[in-house]
1. Could you count how many residues in the stretch 15-53 are part of a helix (DSSP H, G or I) and surrounded by 11 or more Cβ atoms within 10 Å (Cβ to Cβ)?
2. For residues that are farther than 19 Å from E14 by Cα and among the charged types (D, E, K, R), scanning just the stretch 42-62, find the one that is modelled with the highest pLDDT.
Amino acid sequence: MNPEYIAIAVSAIEQLAEAAPDIVSDIKSLLAPIKEGRAPTHEEWLAAEAALDAANAKVQAG
């Protein structure tokens, strides 16, 4: 295997693992209204999108 590929893959997995708690929290936040039998409010969607964008930016930054 290409050592550069391995280094990139390991780094990506490490970053994803670090972001995992935030991602899980965001998913739970979106599941809450669904479990309550309602759609997420506009504010809940905005908060979820902002949190997921921040987690994605962190992963992309490496």
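The values are calculated or read from the model by the stated rules, or taken from the named source; none is laboratory data. This is a predicted model, so every value here is computed, not measured. All Cβ positions, glycine included, derive from the backbone under ideal geometry; neighbour counts span all protein chains shown.
1. We begin by selecting, within the stretch 15-53, every residue part of a helix (DSSP H, G or I); these are 15-35, 42-53.
Pick out the ones that are also surrounded by 11 or more Cβ atoms within 10 Å (Cβ to Cβ) and you get 15-16, 18-20, 22-23, 25-27, 29-33, 44-52.
Counting residues in the stretch 15-53 that are part of a helix (DSSP H, G or I) and surrounded by 11 or more Cβ atoms within 10 Å (Cβ to Cβ) gives 24.
2. Step by step, filter the stretch 42-62, then rank; the result is E43.
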